[in-house]
Amino acid sequence: MIREPLIFEITDPGKKAFSMPELDVPERKDLLKDIPSREEIKDFPQVSEIEIVRHFTRLSKTNYCIDEGFYPLGSCTMKYNPKVNEKVAALDGFTSSHPYAALDVNQGNLEVLKTTEKLLQQITGMDAFTLQPSAGAQGELVGMMLIRACLEDRGDPRKIVLIPDSAHGTNPSSAHTCGYQVQEVKSNESGTIDVDDLAKVISEDVAAVMITNPNTLGIFENDINKITEIVHAKGGFVYMDGANMNALLGICRPGDMGADVIHLNLHKTFSTPHGGGGPGSGPVGVKKNLEPFLPVPLIEQNEGIYSFNYERPKSIGRVRAFYGNFLVIVKALAYILSLGAEGLKEVSEIAVLNANYIRKKLEGIYHLKYSTPALHECVFSDKFQKKYGVQNLDIAKRLIDLDMHPPTMSFPLIVHGALMIEPTETESKRDLDLFTDAMQQIAEEAREDPEILKLAPHKSYVRRLDETFAARNPILRWQLTQE
Ligand SMILES: *Cc1c(COP(=O)(O)O)cnc(C)c1O
């Protein structure tokens, strides 16, 4: 395959993508005096229209996306995002409005935000929401800050946050960034929190326990009520990582399980395309006791008029400019309203069914460390393939040759050589079968021709990359002089 050159490399002096008629009015260079013209920018690419179109079209085809095929990246909930959400978010009234515009012209936007808050409250069983955080990780930090503010307000600042060993890496880093000492809680043989271990390490120095439910193995924490009781009895808070909400919609609610604070990932569960780095949205829901600490401003509605309330003395302050990633919130609202309560429940039911279909079909072909029934995702490992010298990375890379996105690898950390598969509800049985066929083919290749896996991918635009080198020595700016 030919390497697509950089746009700077296909430049031909004098070429342009368009031509304009001669000016028939006086030229006003002063209007743009602070903006350099193309002629003044060194190395500005000079290409024709077709060259630009072909360059970017070819580049776009080197990427993989959910609109192209199966995307089983576990924990990330890479569902298909209905196009109607995009249509709604692209309406002029949304895209052209400005957060600084007067409140009386922004009433519709505030209604969108308030309605989304209320629906998220119903879905999760929490009492109030902030829509400000831009991602799950920021939501976690905000949740931790709320807990800290509340404990300090009680004159009982604490030091420790307990986190199970199966947790997503952002959990310990959020707690740590918020100034807490992180202590690990072990998982038992069924892959859930060891309640006895928790009871041993809980103390009045524990500010919170961060729990993901279902956890990152896709397993529901059956002892969740016991866990929240143990934590609450010592005056601590329960933070629930709601990234796996796709398994629970319309079936059960974190608020009813005793969670005091949760974050959601609108870009995962509530349908915004993600994976390219954003935009995302990580709303945080709280119970009544944490509400006074929510970020300002809060949206209020009095006699049908929406307004912002900044008069909140205990608030942790603003955590983001304006009111959240507005258009992501619009898409989530469009998604929730278009599915309705029954539709949302069906989302989770099918997500769980699809994951269990894959699990059953691949059981015995790939190693399953935990036999506990799981919900919306399944975590296999490369244990059976290791004896042929094949690792999870080889399996993942080979899937690229078979026109599928690889699953999440090497996470959760408690499964060595993990392959974490989350099909989501949007995949048809036909697509699930294509995937399990591909995985079966790879298992056969591991036995018969392991070299083909170790050198995979063979068909992709680039072969195996040195990811460490790319992370340590990123080339963020092309300089022609580097040639
Ligand atoms: C994705 C994820 C997060 C972090 O969310 P971002 O939106 O990527 O910041 C946290 N916990 C779990 C379990 C996740 O899957």
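Nothing in this text is a laboratory measurement; each read-out follows from the coordinates by a stated rule. All of these numbers come straight from a predicted model, not from anything done at the bench. Cβ coordinates were reconstructed from backbone atoms using ideal geometry, including for glycine residues, and neighbour counts include every protein chain displayed.
Calculated FRET efficiency, SER96 and LEU413, Cβ-Cβ r, R0 60 Å, to nearest 0.05?
Numbers: r = 46 Å, r/R0 = 0.77.
Efficiency computed from Cβ-Cβ geometry: 0.85.
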How high is the FRET efficiency between ASP43 and VAL201 when r is their beta carbon distance and R₀ equals 60 Å, given to the nearest 0.05?
-> 0.55
Antiparallel as a % of all DSSP beta bridges within segment 234-377, to the nearest 5?
-> 65
For HIS232 paired with SER460, estimate the spin-label separation in nm (one decimal), with each label point 7 Å from Cα along the Cα-to-Cβ line.
-> 4.7
Quick one: what are the phi-derived ³J(HN,Hα) couplings along segment 270-285, Karplus 6.51/-1.76/1.60 with θ = phi - 60°, whole Hz, x for glycine and proline?
-> 10, 6, 10, x, 9, x, x, x, x, x, x, 7, x, x, 10, x
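In debye to the nearest 20, how big a dipole does segment 1-135 give about its Cα centre with +1 on each Lys and Arg Cβ and -1 on each Asp and Glu Cβ?
Roughly 460 debye for segment 1-135.
I want the local charge near ALA259. Using Cβ-Cβ distances under 12 Å, sum +1 for each Lys or Arg and -1 for each Asp or Glu among the other residues. Please list the in-between numbers first.
Working: positive: ARG253, LYS287; negative: ASP127, GLU221, ASP241, ASP256, ASP260.
Charge balance near ALA259 sits at -3.
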About its Cα centre, what dipole magnitude does the chain give when the only charges are +1 on Lys and Arg Cβ and -1 on Asp and Glu Cβ, stated in debye to the nearest 20?
-> 420
Relative contact order in percent for the chain (Cα pairs under 8 Å, 6+ apart) equals 18
If you line up the Cα atoms of segment 13-163 on their principal axes, what length do they span on each, largest first, in Å?
-> 72, 44, 36
Output the peptides 235-248, 110-123 sorted from most to least packed, where packing is the average of other Cβ atoms within 10 Å over each peptide's residues.
-> 235-248, 110-123
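On alpha-carbon atoms, Rg over Rh for segment 83-338 using Kirkwood Rh?
Values: Rg = 18.2 Å, Rh = 18.6 Å.
In segment 83-338, Rg relative to Rh is 0.98.
Please figure out what share of the DSSP beta bridges in the chain is antiparallel and state it in percent, rounded to the nearest 5. Could the numbers behind the result be given before it?
Working: 21 of 38 bridges.
Here the share of antiparallel DSSP bridges comes out near 55 percent.
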Separation between Cα centres of segment 412-483 and segment 252-291, rounded to whole Å | 29
Computed on Cα atoms only, the convex hull of segment 346-469 has an orientation-averaged projected area in nm² of 8.0
What is the Cα centroid distance between segment 4-33 and segment 181-220, reported in whole angstrom?
-> 61
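Under the rule of -39500 (n - 2.57) per DSSP H run of 4 or more residues, summed and divided by the residues of the chain, what mean residue ellipticity at 222 nm is obtained, to the nearest 500 deg cm²/dmol?
-11000 deg cm²/dmol, from helical runs alone.
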Among SER371, ILE350, GLY340, pick out the residue whose Cα is farthest towards the positive end of the charge dipole of the chain, where Lys and Arg carry +1 and Asp and Glu carry -1 on C-beta, about the Cα centre.
-> SER371
